[in-house]
Each structure stands twice: as C-alpha cells, then as structure tokens.
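Chemist: Sending over a structure as structure tokens; questions will come in a sec.
The values are calculated or read from the model by the stated rules, or taken from the named source; none is laboratory data. Just so it is clear, the structure is predicted and the values come from calculations on it, not from any experiment. Cβ atoms come from the backbone with ideal geometry, glycine included; neighbour counts cover every protein chain shown. Accessible surface areas use protein heavy atoms only, side chains included; no ligands, DNA or RNA. Shrake-Rupley method; radii C 1.70, N 1.55, O 1.52, S 1.80 Å.
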Amino acid sequence: LAIGLLRRSETPRAVIEIESLVSVARSTLHDLRDIAHREPPIALSSEIERAADLLASTGTDTRVEVTARHLPPAVDELFAWTLREGVTNVLRHSAATTCSISITCHDGMVRLEIVNDGALPASPGGHGLSGLAARASTLAGSASARVIADGRFRLRVDVPEPAR
C-alpha cells in the first residue's frame, strides 16, 4: 500500500502507512525478544508424560517408576530438565528398544535415573549433560552419564534429600 501511494505521489498517506508498519515491526520485535529470553516453566510431571509418550511413539519399551513424590520446586525443575535432556539423548544417540526412568530416594539422596539399551559411540560437541551437572551442583548434587554393562547407557542425577 505504501509503495502504491508513493507511486501515485500521495506522500503524506504513504508516510502514515510506513510509520504504521514501523510500529507493528517494533512491537513484533519486542514480542519475539521477550519470547526468546523468557525460559518457559518446566514441570517434572508433564515431562514424565511427554517422555513416556515420545518414547512409546518410537516403539521403545518404556518403564517409569516414581516413588519420590512432592519434590521441592528446585529439584522438580532439575529433574524435569534432566528428563528432557536424557530422553532427547536416547532418541538422538542410541538405538534404544528399552528405556527405564526412575525417581527414587535412597541413602539420603533423591535420584533420577534413565537407563536405555542400544548406546552408540559418544558424539562430540554436546553441552546438555555438562549443563545438567552444573544445575545439579547448585543443589549440592551430581550428574553422571556413562555406558554400563551390555551396551546400556545410564544418566543419573542425585540430590541430597535435605534439599527436598
């Protein structure tokens, strides 16, 4: 519209249209920046459902065991991120046919553990697991990821129970 107005030498109307477009563009840019910088909330309960559905959709036999419930918000969020990262890695970096997810308490620790078969050789360049270790350390916890017996891979995050 603005170009057509300029071609017809209707400069004042074209200026109004261009100013309107600039306003819309600035508002849209502000909204996009807000979305990009705002980390969406993440909850363990929804991540458990998402993970089970996602793994099932790929034909992966999935077992979920949750005996530790009512976790404090910081632990809930850490475990939600761990589950998201862990399941992403199962799908990207394994030929898994089985996957178990457990959230338990023992020996004074709250533990989330993801174990899958079909582990493939490690791929370079990822930062997700080191990010989980950093998040766990803020709660005096730890994260480990390694290949275990029979070609299975285990991701484990432990947080002291008093953090509950």
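Chemist: Out of the stretch 45-80, which residues are under 18 Å from Arg156 (Cα atoms), surrounded by 14 or more Cβ atoms within 10 Å (Cβ to Cβ) and of a type outside the set (A, V, I, L, M)?
Modeler: Glu47, Thr62, Asp76, Glu77, Phe79
Chemist: With respect to the numbered conditions (1) farther than 21 Å from Val147 by Cα; (2) at pLDDT 95 or above, which one is the sole condition not fulfilled by Arg63?
Modeler: It is condition (1) that Arg63 fails.
Chemist: Under 6 Å by Cβ, and 6 or more places apart or on different chains, what pairs join a residue from the stretch 133-159 that is open to solvent by less than 40 Å² (accessible area, probe 1.4 Å) with one that is assigned to a loop (DSSP other than H, G, I, E, B)?
Modeler: Pairs that qualify, where the first residue is open to solvent by less than 40 Å² (accessible area, probe 1.4 Å) and the partner is assigned to a loop (DSSP other than H, G, I, E, B), are Asp158/Gly141; Val159/Leu139; Val159/Gly141.
Chemist: Residue by residue through the stretch 100-115, note down the ones that are modelled with pLDDT under 95 and within 18 Å of the chain's Cα centre (by Cα).
Modeler: none
Chemist: Assess whether Ile42 counts as being touching a residue at least 12 places away in the same chain (Cβ under 8 Å), assigned to a helix (DSSP H, G or I), in contact with a helix residue (DSSP H, G or I) (Cβ under 7 Å, 6 or more places away or on another chain) and surrounded by 13 or more Cβ atoms within 10 Å (Cβ to Cβ).
Modeler: So Ile42 does not fit the description; no.
Chemist: While we're on this one: How many residues does the stretch 12-32 contain that are over 45 Å from the mean Cα position of the chain (by Cα) and exposed (fewer than 12 other Cβ atoms within 10 Å of the Cβ)?
Modeler: Qualifying residue count for the region: 1.
Chemist: Can you name the condition, by its number, that Gly128 falls short on among (1) surrounded by 13 or more Cβ atoms within 10 Å (Cβ to Cβ); (2) modelled with pLDDT of 90 or more; (3) over 14 Å from Arg156 (Cβ atoms)?
Modeler: The number of the failed condition is (2).
Chemist: Then there is this: Tell me, please, whether a residue that is of a type outside the set (D, E, K, R) and more than 27 Å from Gly118 (Cβ to Cβ) can be found in the stretch 74-94.
Modeler: yes
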